[in-house]
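Report on the following structure.
The values are calculated or read from the model by the stated rules, or taken from the named source; none is laboratory data. Values in this document were obtained by computation on a predicted structure and should not be read as measured data. Methodologically, a virtual Cβ is constructed for each residue, glycine included, from the backbone with ideal geometry; neighbour enumeration extends over all protein chains shown.
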Amino acid sequence: MALLYLDLDGFKGINDSHGHSTGDEVLKVVSHRMRAALRHGDLVSRLGGDEFACLLDPSPTLQQLCILAGTLCAEIEQPIHCNGQKLQVQASIGIVVADAWPASAEQMVAEADRAMYHAKRTRSRFRFSDDNLHTP
């Protein structure tokens, strides 16, 4: 099992500049793009605000996870046309693989959240947990 914890970069600016209804539309588009990029049976959930979790079971290989995370970022970064405007957000993703990091669900979420914030700080698109393979 793998958990991807995703946070949108630039979303607050859209909400502040264009209003919450536009922000809601952006979240819907992002959610649809995420679902389209994942396998049938993988789960996507909005955790709140601009944070999402993707639960992948069975877990893809580490190489497949890198490809998937890159695909998610690329799809999310595509311009979003809303109310006659072209908007754009980016994503930072933290990844935990349960097979390599046996833990409770709460620990997995916390570790994926830490990895996501590390990706955000270093301007990486995604980052594996410290107990998994690090992305270059």
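Restricting the search to strands (runs of 3 or more DSSP E) fully inside the stretch 43-103 and requiring at least 1 residues that are modelled with pLDDT of 95 or more and more than 27 Å from Gly19 (Cβ to Cβ) gives 43-48, 51-56, 90-97.
In contact (Cβ under 8 Å) with a residue 60 or more places away in the chain, of a type outside the set (Lys, Arg), touching a strand residue (DSSP E or B) at 6+ places or on another chain (Cβ under 8 Å) and over 24 Å from Gln107 (Cα atoms), is that true of Val96? Spell out the reasoning first.
On the way: in contact (Cβ under 8 Å) with a residue 60 or more places away in the chain: yes; of a type outside the set (Lys, Arg): yes; touching a strand residue (DSSP E or B) at 6+ places or on another chain (Cβ under 8 Å): yes; over 24 Å from Gln107 (Cα atoms): no.
No: the conditions fail for Val96.
Go over the candidates Asp7, Asp42 one by one and state the one that is free of Cβ contacts under 8 Å to residues at least 60 places away in the same chain, surrounded by 13 or more Cβ atoms within 10 Å (Cβ to Cβ) and of a type in the set (D, E, K, R). Result of the check over Asp7, Asp42: Asp42. Scanning the stretch 1-48 for residues that are of a type in the set (Val, Ile, Thr) and in contact with a Lys or Arg (Cβ under 7 Å, 6 or more places away or on another chain) yields one hit, Val44.
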